[in-house]
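Input: a single structure, listed below in structure tokens.
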Amino acid sequence: MRVSLFIPCFVDQLTPRVGLATAQVLRDLGHDVEFREAQTCCGQPSYNSGHWDVARAGALRALDVFRGAEVVVGPSASCVAMMRKFYPELLAGHPRLAEAKDLAARTFEFGEFLVRKLGIEDVGAKLDAKVTYHDGCHGLRELGLREEPRRLLRAVRGLSLVESEEAETCCGFGGMFSVKFPMISTAMAQVKCDALVRSGADLVVSSDPSCLLQIGGYLTREGKAIRTLHLAEVLAAR
Amino acid sequence: MSQPHDQFLADATNATADAPQRDFLRKALGGYYNSRDTQKARYRDWEHARDAAALAKWNAVNRLDRTLTTFAANFERNGGKVHWARDGAEARAIISQICREAGAKAVIKSKCMTTEEIHLNDALEAEGYGVVESDLGEFIQQLRKEPPFHFVFPCMHLKREAISDLFTKHLGTAATDSPEELTMIARRHLRQLYVDADVGISGANFLVAETGQVSITENEGNARLTCALPRVHIALAGIEKVIDKLDDLAVLLPMLATAGAGQPMTCYNTLYAGPRQPGEPDGPTEFHVVLLDNKRTALLADPEQRDALHCIRCGACLNVCPIFKNIGGFAYGTTYQGPIGSVLTPHLRGLKSWNHLSGASSLCGACTEACPVRIDLHHHLLHNRRNAALAHASWFDRIFHGAFGWVIARPRLFALGGRIFRQTLPLLRRLPLPYLTTWLRTRDLPEPPVRSFRDEWKGSKR
């Protein structure tokens, strides 16, 4: 299959290894992977802040960028939810609504793509680690992904998966929320990270790099030993 | 920034700094999660039950003109009197006139958030009536001169010792840490007050149009006494409380109990069909229902957020909300706390002053998932944010998002900006910058890579 990568803007700039791991896993499965360099940001920061005109322009750009792509796969449930659920809402009544719906149907979160679209759980990864999975809210509640990432993790050789309390509780990132209401965001990070530490895992894995920015940022600031990895990085480990 | 926004930031800062209180709240709600899940598992299909409950409310709310008039006609046929109040002031005036005409001195109340919404107690007390809350939690909050902390569990923020101390101070009772004894203290104090009261005031969980009945749900039996003993009864209800049929209660009553409190059914579910009828030995001789609009018809006119009128005030969205669990109920500064409060308050009190509550959410969606009547809560917070940005965005926000939109439309500029950001981050960390400095106060950022993803991709192609 020809897969067009949808790389979140902050992954592009801050954690490119997540994008590279995504590309590698897909390529190792025999897919033809492309990256369309005209892509930037999906527009979610403006959408969530109420500036829908700015977000709408971003959505229309994305329609141009990904025109003709067979499937679009992104290593971020949040950015994929933006495309899948919120582009059609932003473009309600717009002449290009049908295009937005078409793109939504062709766009997948990375783990979702593997399990639901390709029907693959074991990608041949190997990682000796005790891992706990953090459900990002967009993956869990907007895309309805709960078992998919866990199935992928259970198939990794050497990996043991433990559940943490508060696995489905928000980490407190929430985009601009994290800096507009930092005291609440940080309190939420604390609740989340305390539970992660209590789980006894060495690694916290998520499908959302934005959650990992928050969780990882708080854990390292607090000097905790538990580390963060994106699902794609785990699946790329050999 | 509006005054309520400033106040919210200050109160949220204090509340989140109080780690023991946050732990206490989270643990208190931990028990709720367990019992809720146990009760949910007894439904053949919880999701289907949510559909049925949402449909029952949808039917009533989307034909409110007819449902309400049907209720009013049937309730008056039973001998009750219906009053229509456009806003809080009208409702207060109606209620105070009923009290005056009844020659009342003392008023006893059962739990009713709508009276909180219109600040009824203050108004009645200013006119010289003695007003007593008979719900245990509300009674405690009244003694503390505090509003309810949670609109279903008014004093859930208090430990037993605090309640015992409060009773010692106000009622002169001995200290105890037994919840049963604390309940008995309040009960002994309240019993005579029911007998002495001339007017009883309650809310309504549902108004059944088909039969003209007022449905009241409670765990303590205090609402039954409030409705039965005083000679005059007044029930205050928002117009969205009306439902079509008695049958609708078959799904709404258990779901209210399970979603809100993790109970199979609330202990007492009573239907009141008006005043004492000829030949009946007890019950009030007058039974009034005051129907309150207070901006609800404006919300009804908003097709996007109309489903917020489905709310049955179960409190499930507060119980699962990580924001509520970390800032508590008082920081909201509203009658209705939590996600439903953040959705409703801008409609009730004005978007300009109250939109910050819609912003104070990570949009995690736990509320929407928990709502038994399927209100699209977290997406309505997005709708409020959009409406606020259209009506009165700050100049900073306009410039910020305008510039952001301009940059993301230009991939080369975006890539250049990213490179500059990565290379200058060590310097930027030390500058007082909006957002970045705020982030770094409590959290690190990953060490920025030399090459971005797009750089790496180009490199690998070469």
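Just checking chain B: which Cys have no other cysteine's beta-carbon under 4.7 Å?
When partners are defined as cysteine Cβ atoms under 4.7 Å apart, chain B leaves B:CYS99, B:CYS112, B:CYS155, B:CYS227, B:CYS267, B:CYS311, B:CYS314, B:CYS321, B:CYS371 without one.
Counting only other residues whose beta carbon sits under 13 Å from that of B:LEU351, what net charge do I get with K and R as +1, D and E as -1?
Local net charge: +4.
Under 16 Å Cα-Cα from B:LYS245, which aspartates and glutamates qualify once same-chain neighbours fewer than 8 residues away are excluded?
Straight-line reach from B:LYS245, under 16 Å: B:ASP65, B:GLU210.
What shape does region B:202-330 take by its C-alpha gyration tensor, where a ≥ b ≥ c are the square roots of the eigenvalues and a/c under 1.5 counts as rounded, a/b above b/c as prolate, and the rest as oblate?
Judged from the Cα gyration tensor, region B:202-330 comes out prolate (a/c at least 1.5, a/b above b/c).
Rank these for me by crowding, B:THR16, B:THR183, going from fewest to most other beta carbons within 10 Å.
Going from sparsest to densest Cβ surroundings: B:THR183, B:THR16.
Using a 10 Å cut-off around each Cβ, can you sort B:VAL407, A:VAL54, A:VAL115 from fewest to most neighbouring Cβ atoms?
So the residues, fewest neighbours to most, are B:VAL407, A:VAL115, A:VAL54.
What per residue convex hull volume, in Å³, comes out for region A:52-190 when only alpha-carbon positions are used?
Dividing the Cα hull volume of region A:52-190 by its residues yields 126 Å³.
How large is the convex hull of the Cα atoms of chain B per residue, expressed in Å³ as a whole number?
Taking only Cα atoms, chain B has a hull volume of 184 Å³ per residue.
What per residue convex hull volume, in Å³, do the alpha-carbon atoms of region B:64-294 yield?
Details: hull volume 28.7 nm³, N = 231.
That works out to 124 Å³ per residue.
May I ask for the Rg/Rh ratio of region A:2-116, computed from Cα atoms with Rh as the Kirkwood radius, given to two decimals?
Rounded to two decimals, Rg/Rh equals 0.95.
Taking the Cα-to-Cβ direction at B:SER460 and at B:MET184 and moving 7 Å from each Cα, how far apart do the two end points lie in nm?
Computed distance between label sites B:SER460 and B:MET184 equals 7.3 nm.
Given H placed on each backbone N at 1.01 Å, which residues far from A:THR107 in sequence or on other chains put an amide H within less than 5 Å of it?
A:VAL72
Please list 3J(HN,Hα) in residue order for region A:228-238, calculated via the Karplus relation 6.51 cos²θ - 1.76 cosθ + 1.60 where θ = phi - 60°; whole Hz, with x for glycine and proline.
Listing the rounded values in order: 10, 9, 7, 3, 5, 5, 5, 6, 8, 6, 10 Hz.
Helix B:249-261 against the longest principal axis of chain B: what's the angle in degrees, Cα atoms only, rounded to the nearest 10?
Tilt of helix B:249-261: around 60 degrees.
Mind checking which lysines have their Cα closer than 27 Å to the Cα of B:LYS169? Skip sequence neighbours fewer than 8 apart in that chain.
B:LYS169 reaches B:LYS105, B:LYS109, B:LYS111, B:LYS145, B:LYS159.
Could you work out [θ]222 nm for chain A from helices alone, using -39500 (n - 2.57) per DSSP H run of at least four and dividing by all its residues? Round to the nearest 500 deg cm²/dmol.
Numbers: 12 runs with 105 residues, N = 238.
It lands at -12500 deg cm²/dmol.
Along region B:355-368, what does the Karplus equation 6.51 cos²θ - 1.76 cosθ + 1.60 (θ = phi - 60°) give for ³J(HN,Hα), rounded to whole Hz, x for Gly and Pro?
5, 4, 5, 5, x, 7, 8, 7, 6, 6, x, 4, 5, 4
At B:ASP6 and B:ALA41, where each label point lies 7 Å from the Cα along Cα→Cβ, what is the point-to-point distance in nanometres?
A separation of 5.2 nm, rounded to one decimal place.
Starting with the fewest neighbours, write out B:THR173, B:THR38 ranked by other beta-carbon atoms found within 10 Å of each beta-carbon.
Sorted ascending by nearby Cβ count, the order is B:THR38, B:THR173.
Determine the calculated [θ] at 222 nm for chain B from helices alone, applying -39500 (n - 2.57) to every DSSP H run no shorter than 4 residues and normalising by the residue count; nearest 500 deg cm²/dmol.
-17000 deg cm²/dmol
Across peptide B:418-429, how many C-beta atoms of other chains are within 10 Å of each residue C-beta, on average?
1
According to the square roots a ≥ b ≥ c of the eigenvalues of the Cα gyration tensor, what is the shape class of region B:1-62, taking rounded for a/c under 1.5, prolate for a/b larger than b/c otherwise, and oblate for the remainder?
Working: a/c = 6.28, a/b = 1.52, b/c = 4.12.
Judged from the Cα gyration tensor, region B:1-62 comes out oblate (a/c at least 1.5, b/c at or above a/b).
If one takes the longest principal axis of the Cα atoms in chain B, at what angle in degrees, from 0 to 90 and to the nearest 10, does the Cα axis of helix B:19-40 lie?
So the helix axis and the longest Cα principal axis differ by about 70 degrees.
Evaluate peptide B:319-329: per residue, the Cβ atoms of other protein chains within 10 Å of its Cβ; return the mean as an integer. Mind showing how you got there, number by number?
Numbers: counts 0, 2, 1, 12, 9, 0, 4, 9, 4, 0, 0.
Averaged over the peptide's residues, the number is 4.
Rounded to the nearest 0.05, what FRET efficiency do B:ASP196 and A:GLU70 have when you use their Cβ-Cβ distance and R0 = 56 Å? Walk me through the intermediate numbers first.
Working: r = 78 Å, r/R0 = 1.39.
Using R0 = 56 Å, I get an efficiency of 0.10.
Leaving out same-chain residues fewer than 8 places away, which lysines sit with a Cα under 24 Å from that of B:LYS352?
Result set, ordered by chain and number: A:LYS180, B:LYS295.
Using modelled amide H (1.01 Å from N, peptide plane; none on Pro or chain starts), what sits under 5 Å from the amide H of B:ALA393, excluding residues fewer than 5 places away?
none
Rounded if a/c is under 1.5, else prolate if a/b is larger than b/c, else oblate: which is region B:143-259, with a ≥ b ≥ c the root eigenvalues of its Cα gyration tensor?
It comes out prolate by the Cα gyration axes.
Rg and Dmax of the protein assembly as shown, using alpha carbons, in Å: what are they?
27.7, 97
One quarter of the convex hull surface, Cα atoms only: what value does that give for region B:78-208 in nm²?
9.0 nm²
Could you give the angle, 0 to 90 degrees to the nearest 10, between helix B:411-428's Cα long axis and the longest principal axis of the Cα atoms of chain B?
Computed tilt is about 90 degrees.
Values quoted throughout were computed directly from the atomic coordinates according to the rules given, and no laboratory measurement underlies them. Model, not experiment: these values are computed from the prediction. Positions of Cβ are generated from backbone atoms using ideal geometry, with glycine treated the same way; all protein chains shown enter the neighbour counts.
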